[in-house]
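Here's the structure we're looking at; comments come further down.
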Amino acid sequence: PEQKQQIANPASVYCEEQPATVELRLVCEEAGANCEKMVDEDTQKELFLQKQSQLYIGDLKYAIVEVDKSLAMPRENNKNSKSIIIKDDQYLEQPALIYLKFNREATKKLERLTSENVGKRMGIVIDGKLLMAPRIKEPIDEGAVVIDSKGCMARSEAENLVRRINKAIALKVSQNKE
C-alpha cells in the first residue's frame, strides 16, 4: 500500500500559508488604559505598546529580504510586491535584513510619527507578537523600515515572513479593487 508522507507539525505548515499581519505601534512610557502588555521576542522583556496601530499591513507597498546579490535575484511578481529567489540553501539559516516599504501616504505618516517620537521606541508587531522594539534614532523619511532579523529569525524564516507579508499586501490590494 502507498504510504503517506508524515508532516511533523501540520499547524506550522498551515500557518506558513496564512498572510502575515504587520503593525508598527509606539511603546508606552508606562502602563495605561490605551496600552497593552507584550513580550519583546528579541529581548524577552515585557513592554507596554499602544493598543492602536500607527501603521499596518494596508500601509505597506511591499517587503523584501536583503541577500547577497551573488546568491539571490529579485523577481517582481507584480507592481505591488517583490520576492527573492534563493540559489544556495547554505545561507538560509543566516540572519537577514527585511525591508518594509510603505506607500506614499504612509511614508508621510511614518516621517511625521518618527519626527515627533525621536528617542522613543517603536514596536514591530508581526502576527500579534512583538518581534522587536527598536529606538527611533532619527526621522524616517524614505518610507522604509528595516528589520534586522539577527537573533530573532534565520534567513529562511525571514524569507517565509516576507512571502506572507507580500501575500497579505496582495490580498489587501485585491480587496480594495472590489
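Rule-based calculations on the coordinates, nothing more; no lab input. Given the structure is predicted, the values throughout are model-derived calculations rather than measurements. Positions of Cβ are generated from backbone atoms using ideal geometry, with glycine treated the same way; all protein chains shown enter the neighbour counts.
Counting 0.36 nm for each residue step from Ser174 to Ala154 and taking away their Cα separation leaves a gain of 4.2 nm. Modelled spin-label separation between Lys108 and Val39, with each label point placed 7 Å from Cα along the Cα-to-Cβ direction: 4.1 nm. Net length available on complete extension from Ser115 to Val146 is 9.5 nm, with 0.36 nm assigned per residue and the Cα-Cα distance removed. A simple count of charges around Lys108, restricted to other residues whose Cβ falls under 15 Å of its Cβ and scoring Lys, Arg +1 and Asp, Glu -1, yields -1.
For the pair Lys167 and Ala31, label points projected 7 Å from Cα toward Cβ lie 3.7 nm apart. Per-residue packing, averaged as other Cβ atoms within 10 Å, sorts the ranges 46-58, 160-172 into the order 160-172, 46-58, beginning with the highest.
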